[in-house]
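The values are calculated or read from the model by the stated rules, or taken from the named source; none is laboratory data. What you see is a predicted model; the values in this text were computed from it and never measured. Methodologically, a virtual Cβ is constructed for each residue, glycine included, from the backbone with ideal geometry; neighbour enumeration extends over all protein chains shown. Remember, those area values only see protein heavy atoms, side chains included, never the ligands or the DNA or RNA. Shrake-Rupley method; radii C 1.70, N 1.55, O 1.52, S 1.80 Å.
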Amino acid sequence: MGSENISGFGKMRVASMKLGIALGGGGAKGLAHIPMLEVIDEFGLQVHQIAGTSIGAIVGVLYASGYSALDIRHIVSLMTYVKDDGVLHSIKDKYVLRWFEYIDINWSGKAFLKADSFMSDLMNDVKVSDFKDLRCQLKVVAADFWKREQVVLDSGDIGQAVQASMALPGIFLPVVSDGRVLIDGGAVNPVPFDVLDGCDLVIAVNVMGNRTESANLIPSFTEAVFNSFQIAQTTVLKHKLLEAPPDIFIAPDIVDIQMLEFYKAEEILKQSEPAKELLRRQLDELLELKGRS
């Protein structure tokens, strides 16, 4: 990194900076957060605060609980590994079957998938259950369904907070907490960099990705549901970026990956590499500038 050209005082200043990271929502595309966090680890930076929405909250809680970015990549690889080869094939089958456990054929019209099994497995990896036990501050963004407003969760039960943040309407059941019906935070704040406070440097990662037009231009039912939600999210994000942009804004170009296509993890991570290199360069330049100032 460029810090070899920074004075001793400058290096101390960089090392003492309070770094904030905002991890946005995007379903499976949120696996692209992992390479971005790998850059943070490469620079040896300590994260002061993380804000996460939906999948960003999931990755954020793993990182804030003490896992490195490489650790998180390994956890994901176990859940999505595809190789017809002995023990690895058995591991793959085990985790593929687990995804089927998350499907809840619910004819009541409330939701299609259930998050409780998913959250149970996640919390087995997290090892902590309360925000106060995390190694850095974490803010999880959800939305109050009836009041149509943002809710920032930063204390109490981590599992419930993350489950609320990822409760995409019509897909996952909402969470009822303190008399509020909480749903996916992407409805109000898809990349929550503006809820970070007390940070000297803010990095925001948008993983909503892009879609190419279908041959007949008419989207399928699932495409229409998911993409319509992200159209609204994109509009919200554009306004927030105009009001008070973060120091670094990174948007990995994840193309043609749908919300629940976690089995495409390898492809998602591969598509993230150019953004990872861009973040590395931008962070290098910014740290050198701050170290010299």
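Working from label points 7 Å from Cα in the Cα-to-Cβ sense, the Thr212 to Ala224 distance is 2.4 nm.
Amide H to amide H distances under 5 Å link Ser272 with no residue, where only residues 5 or more positions off or on other chains count and H is placed in the peptide plane.
Sparsely packed loop sites in the stretch 183-275 (the GluC sites (Glu not before Pro) outside DSSP H, G, I, E and B with at most 12 other Cβ atoms within 10 Å) comprise Glu213.
If the chain linking His239 and Asp284 were pulled fully straight, counting 0.36 nm for each residue of separation and taking away their Cα-Cα distance, it would gain 13.4 nm. Put Tyr263, Tyr67 in order of accessible area, highest first, and with a 1.4 Å probe you get Tyr263, Tyr67.
Close amide H partners of Glu261, meaning residues 5 or more places away or on another chain with modelled amide H under 5 Å apart, are Ala28. Against the criterion of solvent-accessible heavy-atom surface with a 1.4 angstrom probe, Asp184, Asp194 sort, most first, into Asp194, Asp184. Pairs with C-alpha atoms separated by more than 31 Å, drawn from the list Lys238/Lys290; Lys127/Lys238; Lys18/Lys264; Lys127/Lys240, are Lys127/Lys238; Lys18/Lys264; Lys127/Lys240.
Looking only at the stretch 133-149, which residues have a backbone nitrogen under 15 Å from a spot 7 Å from the Cα of Ile231 in the C-beta direction? Flagged as within label range: none. Using only protein heavy atoms and a 1.4 Å probe, report how much of Ile34 is accessible, in Å² to the nearest 10. Rounded to the nearest 10, that gives 0 Å². The amide H of Leu138, built 1.01 Å from its N in the peptide plane, has Ile50 as neighbours under 5 Å, considering only residues 5 or more places off or on other chains.
Computed from the C-beta positions of Ser68 and Val128, the FRET efficiency with R₀ = 22 Å rounds to 0.90.
Across the stretch 158-167, computed HN-Hα scalar couplings (Karplus, 6.51 cos²θ - 1.76 cosθ + 1.60, θ = phi - 60°) run 5, x, 5, 4, 5, 4, 5, 5, 9, 7 Hz from first to last residue, x flagging Gly and Pro.
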